[in-house]
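Notes follow the structure.
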Amino acid sequence: MRALRSLYLIAPVLVIACGKGSKSTPAAARPAPPAAPTTPAEYTVIIKSTWTKATHPFEYPSGAHFSGMIGASHNAKYSIFAVGRRPTPGLERLSEEGKHSPLDTEIRTAIDQGNALMLFESGGLKNWKDSMVATVRVDPAHPLVSVVNMVAPSPDWFTGASDVNLMENGAWVARRTLTLPAYDSGGDDGKTYNAPDRDTNPKKPTTRAATRHFVIKGRVKPVATVTFVRK
């Protein structure tokens, strides 16, 4: 019992001694996030077709054209489309008919909710020597841009870009160019350019178009480029 009492008396001393010898390691300093721009910026949006009979020979349609582009500047709470997500009514109609309504209404609703800043749009494109051009304004709270246009004729194919961030290292980028594949919105089951209307119910998630029209020898062939040029 005497030895056991001695152990109880010694144990706290050992704990205290260990406590004195330990040193806390200061947390690693975290780099401060880059400062964001304090003013809005305007960009020219330029869409140029790369979809030709030479680049996409399988069943290339007569009368090939793009519907007018429609897009928005926005924050991370809104986007016009996303791979793996079912199309909104607005995206479905845009991809099937080239119509900007009701997608324009969806964008205006996002503006009213504070998740989008500006809607922009243009007329269609038939002469591949030309480009579609529009202007978009971004600000620190809405630095992302999404834009779409129909690949026509087609059952529900479109091209575009989603969530393009024009802010980089705390500043607005001067210029950004992206190559654009074709997408299948998931609203129609047609598999050819001039397929009869075969409405999909329920709607399928949007995917990259994977038919022979846009994938050649295992490689995706883009149908357009989009360039953002700061004014």
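The values are calculated or read from the model by the stated rules, or taken from the named source; none is laboratory data. Worth saying up front: this structure is predicted, and the values here are computed from it rather than measured. Positions of Cβ are backbone-derived with ideal geometry, glycine not excepted, and every protein chain shown enters the neighbour counts. Note: accessible area is taken over every heavy atom of the protein model, side chains too, but ligands, DNA and RNA are not part of it. Shrake-Rupley method; radii C 1.70, N 1.55, O 1.52, S 1.80 Å.
Across the options THR135, ALA171, PRO205, the greatest Cα extent toward the positive end of the charge dipole of the range 77-231 (unit charges at beta carbon of Lys, Arg, Asp, Glu) belongs to ALA171.
How large a share of the accessible area of the chain, in percent, is made up of carbon and sulfur atoms when the probe is 1.4 Å and the other protein chains stay in place?
Numbers: 7210 of 12770 Å².
That fraction is 56 percent.
Exceedance of the 18 Å cut-off in Cα-Cα distance is limited, within the set LYS48/LYS221; LYS53/LYS217; LYS53/LYS221; LYS48/LYS126; LYS126/LYS217, to LYS126/LYS217. Estimated from the Cβ-Cβ distance and a Förster radius of 30 angstrom, the FRET efficiency linking THR177 and ALA210 is about 0.80.
Heavy-atom accessible area per residue, the range 63-156, 1.4 Å probe: how many Å²? Before the final figure, lay out the partial values.
On the way: 3750 Å² over 94 residues.
Accessible area per residue: 40 Å².
Assuming charge only on the beta carbon of Lys and Arg (+1) and of Asp and Glu (-1), the dipole of the chain about its Cα centre is about 1400 debye to the nearest 20. Per-residue extension of 0.36 nm, minus the Cα-Cα distance of GLU59 and ASN165, leaves a gain of 34.6 nm for this segment. Using C-alpha pairs below 8 Å separated by at least 6 residues, the relative contact order for the chain is 28 percent.
For the range 181-220, which trypsin sites (Lys or Arg not before Pro) pass both filters: DSSP loop (anything but H, G, I, E, B) and at most 16 other C-beta atoms within 10 Å? Before the final figure, lay out the partial values.
Details: sites: LYS191, ARG198, LYS203, ARG208, ARG212, LYS217, ARG219; in loops: LYS191, ARG198, LYS203, ARG212, LYS217.
Passing sites in the range 181-220 are LYS191, ARG198, ARG212, LYS217.
Once the Cβ-Cβ distance of ASN127 and ARG30 is raised to the sixth power relative to R0 = 35 Å, the FRET efficiency obtained is 0.10.
Computed from point charges on the beta carbon alone (+1 for Lys and Arg, -1 for Asp and Glu), the dipole magnitude for the range 115-231 about its Cα centre is near 540 Debye.
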